[in-house]
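So that we are looking at the same thing, I have put the structure below in structure tokens.
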Amino acid sequence: MKLLTAIQKAIPEKKNLDSAHLKLLYSNLHPETREEVIYRRNGKSVDRIIEFDVNTNSRIKTTHYDYFNDKKIRSIDEFDRKTGKKLRTINYVLYKSIDEFDPETGKKLRTINFNVKDENKISSIQEYDLETGKIVTISIYKSDGRTVSIIKRIDPVTEKVTNWVNNSNTKVKPAELSKPSVNTRCYDNIKVMDDKDKESIAQLIDNLYRNNLKFENI
């Protein structure tokens, strides 16, 4: 982030900014990629950094930063270098989770949720039906983050549990834990916010920054 800090200091502060986000292109340390830094409407804090392959011009990674602390990563999207299609998303809000996507359809394949206290330990894995997008399998892990405790299978149409297996003696091989294609969101009742709602929240926060509005006055 030292480079980002230097860039921010070099840009003159403006009180009135138009609705378009301030964009800045610069060369990365790796000659085969370039990065685009997108600031929030306040012109100071970084919203996200997009990395492109210079040969294909395909997006290969987008790093999203926290609304109130642009040194804290909120999530990372990773894309196929050739096609530019999303492969997985690593989330760091509340707890670490990884969403893995089908490169052909763009639909979610599975989600891996990690332990709140130890991000190296898996707490659960959710697998999705490609046609309906509904969860069809939930694997719950013991506190060691490696041993499968319960496997629950769900009908994607009725959303009712069809099978419940106690696999207390089943362990996951280390090689399976290192696979890059795993997705998770830990709690079944939590619904993921769609892009429209995320953009609305981002606009609200940008307006608060722009108007110097203090939260205690709301």
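Please treat every number below as a calculation from the coordinates, not as lab data. Nothing here was measured: the structure is a model prediction, and the numbers come from that model. Ideal geometry is used to build each Cβ from the backbone, glycine not excepted, and the neighbour counts take in all protein chains shown.
In the structure shown, do any of Lys71/Lys107; Lys61/Lys85; Lys108/Lys142; Lys96/Lys121; Lys82/Lys107 have a Cα-Cα gap over 21 Å, and if so which?
Lys71/Lys107; Lys108/Lys142
With a 10 Å Cβ neighbour count serving as the proxy for reagent exposure, in which order, fewest first, do Tyr128, Tyr95 appear?
Tyr95, Tyr128
How far apart, in nm, are two points set 7 Å out from the Cα along the Cα-to-Cβ line at Lys134 and at Asn55?
Rounded to a tenth, the inter-label distance reads 4.4 nm.
Give me the Kirkwood hydrodynamic radius of segment 27-108, using the inverse of the mean 1/r over all pairs of distinct Cα atoms, in Å to one decimal.
13.5 Å
What FRET efficiency do you get for Glu159 and Glu104 if R0 is 30 Å and r is their Cβ-Cβ distance, rounded to the nearest 0.05?
Efficiency, from the Cβ-Cβ distance: 0.75.
Could you list Ile150, Ile49 in order of exposure, starting from the residue whose Cβ has the fewest other Cβ atoms within 10 Å?
Fewest-to-most ranking of Ile150, Ile49: Ile150, Ile49.
Using alpha carbons only, what's the Rg to Rh ratio of segment 85-127 with Rh from Kirkwood?
My calculation of the ratio gives 1.02.
Give me the extension gain from Glu32 to Lys82: residue separation times 0.36 nm, minus the current Cα-Cα distance, reported in nm with one decimal.
Gain on extension, Glu32 to Lys82, equals 16.7 nm.
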